[in-house]
1. Which residue is nearest to residue 71 (Cα to Cα), if the candidates are limited to the stretch 158-175 and must be in contact with a strand residue (DSSP E or B) (Cβ under 9 Å, 6 or more places away or on another chain) and part of a helix (DSSP H, G or I)?
2. Would it be correct to say that residue 136 is in contact (Cβ under 8 Å) with a residue 60 or more places away in the chain, of a type in the set (Gly, Ala, Ser) and surrounded by fewer than 22 Cβ atoms within 10 Å (Cβ to Cβ)?
3. Only one of these is crowded, with 17+ Cβ neighbours inside 10 Å, assigned to a helix (DSSP H, G or I) and not polar (S, T, N, Q): 216, 207. Name it.
4. So which residues in the stretch 185-198 are in a helix (DSSP H, G or I) and either free of Cβ contacts under 8 Å to residues at least 12 places away in the same chain or surrounded by fewer than 21 Cβ atoms within 10 Å (Cβ to Cβ) (or both), if there are any at all?
5. With respect to residue 148, determine if the residue is farther than 24 Å from residue 30 by Cα, assigned by TED's automatic domain parsing to the domain that holds residue 23, touching a helix residue (DSSP H, G or I) at 6+ places or on another chain (Cβ under 6 Å) and not in a loop (DSSP other than H, G, I, E, B).
6. Is there any pair linking a residue in the stretch 86-101 that is in contact (Cβ under 8 Å) with a residue 60 or more places away in the chain to one that is buried (at least 23 other Cβ atoms within 10 Å of the Cβ) and polar (S, T, N, Q), with Cβ under 6 Å and at least six apart or on different chains, and which?
7. Taking the stated definitions as given, is residue 68 at pLDDT 95 or above, part of a loop (DSSP other than H, G, I, E, B), closer than 18 Å to residue 4 by Cβ and more than 19 Å from the chain's Cα centre (by Cα)?
Amino acid sequence: MRVGIIGAGSIGLLFAAYISRAFEVTIYCRSTEQTSEINKNGIVLKKKGEQTKSFVQALPITEWKGVEDLTIITVKQYQLYPIIEKINQLPVIPNNLLFLQNGMGHLKQLETIPFTNIYVGSVEHGALKENSYTVSHNGEGITNVAVFKGDITLLSEFVFSAPIEFPLVLKEDYFQMLQNKLIVNAVINPLTAILQVKNGELINNQYYFQVLKNLYSEISTVLNLKNAEEHLLQIIDICKNTSENRSSMLRDIEANRMTEVDAILGYILEEAQCKKMAAPQLENFYYLIKGKEMIKGANP
């Protein structure tokens, strides 16, 4: 199976390093400099003090024609628009597209893509891009995938052929799958980004933990969660298991990059508005993150 990966950030590099062990992979980069460095050096994967190297073909995104059997789109949600625009302008729409974005704000954009199989996923790995061709695998997890629309056949083949050390799990309900990840991101990401702390501090500091519970309570009310206690316990477990990790939103703020707050908190705020519900804590954290982006002069 030929697999294309659009986006050579931490998740794109992580996926390319692992799935190139089972598939023929081409990774598409934004810059010619990164393209050249990956072709020269391969993709270096660091994990538990060990280092491996994978050689894949790298091309600039301008050369993507959608000819692979499966294309995995790993760019941030706010970077999707030009990608989807390019997809819709291709002479033939690619057959199978897998989108790996945080939040759920991108689902409306995916509905604009016609006549193809569209899959979505949620990534539970921790990864840090150290340079243009090196990625550190800091937290082992799984990647959940599901059908957004279309046929499941190729997605099933991809899941069952993936390397055993990089597990993919096929889910029946894409909405529930993405919502589960959304809830975690909506609590941990903005709190760590504003407080500028690692994940574990949210439960180790009793005052931060109280803020966590307050924010989660509002989120669970807006989303009308039936198993609210179960979701809270999951958030606590993730904070424990990733206690030394810096959330993606915190890293974005530190690196003067835009965050995915619109896809995460923005999505939940839209839900609250549709239901005519007040969500003052969500609004406050949303505005605080947007304010951080403005002060930092965040770039896409």
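1. Our first condition is that a residue be in contact with a strand residue (DSSP E or B) (Cβ under 9 Å, 6 or more places away or on another chain); within the stretch 158-175, this holds for 158-160, 162, 166-175.
Adding the requirement that they be part of a helix (DSSP H, G or I) leaves 158-160, 174-175.
Working: 158: 11, 159: 14, 160: 17, 174: 18, 175: 21 Å.
Among those that are in contact with a strand residue (DSSP E or B) (Cβ under 9 Å, 6 or more places away or on another chain) and part of a helix (DSSP H, G or I), it is 158.
2. Values: in contact (Cβ under 8 Å) with a residue 60 or more places away in the chain: yes; of a type in the set (Gly, Ala, Ser): yes; surrounded by fewer than 22 Cβ atoms within 10 Å (Cβ to Cβ): yes.
Judged against the criteria, residue 136 is a match.
3. Numbers: 207 fails: crowded, with 17+ Cβ neighbours inside 10 Å.
Going through 216, 207 in turn, just one is crowded, with 17+ Cβ neighbours inside 10 Å, assigned to a helix (DSSP H, G or I) and not polar (S, T, N, Q): 216.
4. Quick first cut of the stretch 185-198, residues in a helix (DSSP H, G or I) only: 185-195.
The answer is 194, 195.
5. Values: farther than 24 Å from residue 30 by Cα: yes; assigned by TED's automatic domain parsing to the domain that holds residue 23: yes; touching a helix residue (DSSP H, G or I) at 6+ places or on another chain (Cβ under 6 Å): yes; not in a loop (DSSP other than H, G, I, E, B): yes.
For residue 148, the condition - farther than 24 Å from residue 30 by Cα, assigned by TED's automatic domain parsing to the domain that holds residue 23, touching a helix residue (DSSP H, G or I) at 6+ places or on another chain (Cβ under 6 Å) and not in a loop (DSSP other than H, G, I, E, B) - is met.
6. Qualifying pairs under 6 Å: 100/74; 101/77.
7. Details: at pLDDT 95 or above: yes; part of a loop (DSSP other than H, G, I, E, B): yes; closer than 18 Å to residue 4 by Cβ: yes; more than 19 Å from the chain's Cα centre (by Cα): yes.
Considered against the rule, which asks whether it is at pLDDT 95 or above, part of a loop (DSSP other than H, G, I, E, B), closer than 18 Å to residue 4 by Cβ and more than 19 Å from the chain's Cα centre (by Cα), residue 68 comes out as yes.
The values are calculated or read from the model by the stated rules, or taken from the named source; none is laboratory data. What you see is a predicted model; the values in this text were computed from it and never measured. Cβ sites come from the backbone with ideal geometry, for glycine too, and all protein chains shown count toward neighbours.
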